[in-house]
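The values are calculated or read from the model by the stated rules, or taken from the named source; none is laboratory data. All values reported here derive from a predicted model rather than from experimental measurement. Positions of Cβ are generated from backbone atoms using ideal geometry, with glycine treated the same way; all protein chains shown enter the neighbour counts. These area figures cover heavy atoms from the full protein model, side chains too; ligands, DNA and RNA do not enter into them. Shrake-Rupley method; radii C 1.70, N 1.55, O 1.52, S 1.80 Å.
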Amino acid sequence: MLSQSPPLGKLLLEKGLISQEALDRALAEQEKNGELLGRILVRGGVISEDDLLPVLSAQLGIPYVMIKRERVDPKLIEKVPAKYTHHYRFIPLNLEDGTLSIATADPLDLQSLDDLSLFLGLKIKPFLGGEKGIEEGLKRYYGIGAETVEKIIGQEGASSDLALPEIATEDIEDLAQDASIIKFVNQILLEAFRERATDIHIEPFQDELRIRYRIDGILYDANVPPNIKYFHRAIVSRIKIMANLNIAERRLPQDGRVKVKVGQAQLDLRISILPTPFGETVDIRLLSTSNILLGLRKLGLLDKDLSILESVIKRPHGIILVTGPTGSGKTTTLYSCLSKINKSERKIITIEDPIEYQLRGITQIQVLPKIGLTFAQGLRSMLRHDPDIMMVGEIRDFETAEIAIQVALTGHLVFSTVHTNDAGSTVTRLIDMGVEPYLISSSVELIIAQRLVRLCCPYCKEEVVIGEEFIKEPGIEPLLKKGVAWEGRGCERCKFTGYRGRTGIYEFLVVTDPIRDLILRGVPANKIKEEALAQGMRTLRLDGFEKVRLGLTAISEVIRVTQQERAEG
């Protein structure tokens, strides 16, 4: 921002925007490093840019603009190259009669304004804009890494066979000023991390290269420059180099992993590459190794379910099954259970495909089918290591299911997952695999079905009247007697989606004696579900509606993730 004179602090004090104590701290910091006062106050969270800009504008006598509220003509964006907007940190606002109006954080930097006028051949009219607003505006109008792509094109030409230096990336926040594919890939990863994305999809099509982020379970297009389509093969090659994959192989699927650092955070990137008619498509799963110790209470369990789970995982033997589709948080639930019971006097071994997180004090085995290390083979070998507790990543076939049950019956506690739609149908799935009902009834202690729902943004959520389309939903009226629910209206912090973060909704089927009897008799899944409901089980949808009542999520979100249950009902 601009070099500040003392009156700025005085103006902010007079308006009650900062305290004398905060001003004294900022001035002391300014004396040490010579940084601008306004920047120090904004960075320290003392004042927001939105509050600072009007005061700064009045002090300087230069009008200000809120960039997030501006709508810039796309044709103007095409006329002003990204390399200039990124180098001089400005947003073009309007072009009229040979005069370009721009938003800049430093409208009194006459040297930069003169240089810009010379390069563009236009008169420059500066307006005051905030640094944060300019950064967001550059991403919105030019796309992520636009200046990097533009420089590469200028240096190398639009070639899809761009040469790549084989340099390993460790710190993706270290964005050097060289224009390279390395820098562009780092920018994509860094933006995904900042947006809380769990996956990055790089997808080639006939006339474009699309990059999408999965945030809170929903895919969003990343704003990237259209010229990026020329560098598809170079981008894929760079990612392959990071993950130690074969850059010459473009016909077969490949999988790899790489660890990168973002500030103090460590990210484990799981990379999968598939061939398509238009080139290779890439999926990058982002796993934070700095934040993996989840407690059971952070899973979103209500008190009753939490009490059941804490009780069952203390049992010396039996099977606890977690069920749900891919991406429903099953692994997180299992890891949280293992972390809870991970004591020095217990030996815990897991076999997984893949190992998503490294758990301290727990022996973890990676499935390797190519050399014969399957879930079943791993289970047999694990028994020779005298474990107390075992986790099997997934029960996929009769052999694995049979061994897991035998292990449970011989005095071990076993955790695993099964792909079914709800808790009741898990029994049917095991029987379909060939497992005898008496083995299921004597070994399984608890079945948990789960889904993930998006949380209403805490910064913009508000009460809304329940829509007529929801009133007839089974189970909604007793939970929402006031006729009021919650929704996020959308704000900057949630990217105007109304949602920020996710939590689980659960269906807990405790295998009691009456349910064991039903399993032995081989009754259909709906009968088991009816008995469980009679014993107090909440379905996924009812658990979701309870979280609507608590103001955590929206009705439409619960219905979105429980469509199967609705269809069956």
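In region 341-360 there is at least one residue that is in a helix (DSSP H, G or I), modelled with pLDDT under 95 and out of contact with any Phe, Trp or Tyr (no Cβ under 6 Å at 6 or more places or on another chain). Scanning region 552-562 for residues that are out of contact with any Leu (no Cβ under 8 Å at 6 or more places or on another chain) and modelled with pLDDT of 90 or more gives Ala554, Glu557, Val558. Checking each residue in region 513-565 for being outside any helix (DSSP H, G or I), within 16 Å of Ser425 (Cβ to Cβ) and among the β-branched types (Val, Ile, Thr) picks out Val523, Thr539, Thr562. All conditions in (1) without any contact (Cβ under 8 Å) to a residue 60 or more places away in the chain; (2) within 30 Å of the chain's Cα centre (by Cα) hold for Glu402, with the sole exception of (2). Right, Pro316: modelled with pLDDT of 90 or more and farther than 30 Å from Ile202 by Cβ or not? Taking the combined requirement at face value, the residue satisfies it. Considering the conditions (1) polar (S, T, N, Q); (2) closer than 17 Å to Asp397 by Cα; (3) free of Cβ contacts under 8 Å to residues at least 24 places away in the same chain, Thr323 is excluded by exactly one of them, (3). Checked against (1) touching a Pro at 6+ places or on another chain (Cβ under 9 Å); (2) in contact (Cβ under 8 Å) with a residue 24 or more places away in the chain, Gln366 meets all criteria but (2).
Looking at Phe127, is it at pLDDT below 85 and within 29 Å of Arg69 (Cα to Cα)?
It is false that Phe127 is at pLDDT below 85 and within 29 Å of Arg69 (Cα to Cα).
Residues in region 23-46 that are of a type in the set (Val, Ile, Thr) and over 28 Å from Ile124 (Cβ atoms): Val46 only. Scanning region 116-128 turns up one or more residues that are open to solvent by 70 Å² or more (accessible area, probe 1.4 Å), farther than 26 Å from Gln187 by Cβ and in a helix (DSSP H, G or I). Residues that are charged (D, E, K, R) and more than 24 Å from Arg257 (Cβ to Cβ) within region 356-398 comprise Arg380, Arg384, Asp386, Asp388, Asp397, listed in sequence order. Residues in region 478-512 that are in a helix (DSSP H, G or I) and either modelled with pLDDT of 95 or more or surrounded by 14 or more Cβ atoms within 10 Å (Cβ to Cβ) (or both): 2 in all. Which residues, taken from region 510-566, are in contact with a strand residue (DSSP E or B) (Cβ under 9 Å, 6 or more places away or on another chain), of a type in the set (Lys, Arg) and closer than 30 Å to Tyr499 by Cα? Correct list: Arg538, Arg541, Lys547, Arg549, Arg560. Being open to solvent by 50 Å² or more (accessible area, probe 1.4 Å) and aliphatic (A, V, I, L, M) is the requirement here; does Leu520 meet it? In short, yes. Of all the residues in region 67-93, those that are in contact with a helix residue (DSSP H, G or I) (Cβ under 7 Å, 6 or more places away or on another chain) and over 13 Å from Leu116 (Cα atoms) number 4. Of all the residues in region 486-521, those that are within 30 Å of Ile320 (Cβ to Cβ) and small (Gly, Ala, Ser) number 2. Looking at this structure, is Glu468 open to solvent by 40 Å² or more (accessible area, probe 1.4 Å) and either modelled with pLDDT of 90 or more or under 30 Å from the mean Cα position of the chain (by Cα) (or both)? It is false that Glu468 is open to solvent by 40 Å² or more (accessible area, probe 1.4 Å) and either modelled with pLDDT of 90 or more or under 30 Å from the mean Cα position of the chain (by Cα) (or both).
Residues in region 217-272 that are out of contact with any Leu (no Cβ under 9 Å at 6 or more places or on another chain) and within 30 Å of Arg560 (Cα to Cα) were compared, and the one that is surrounded by the most Cβ atoms within 10 Å (Cβ to Cβ) is Ala222.
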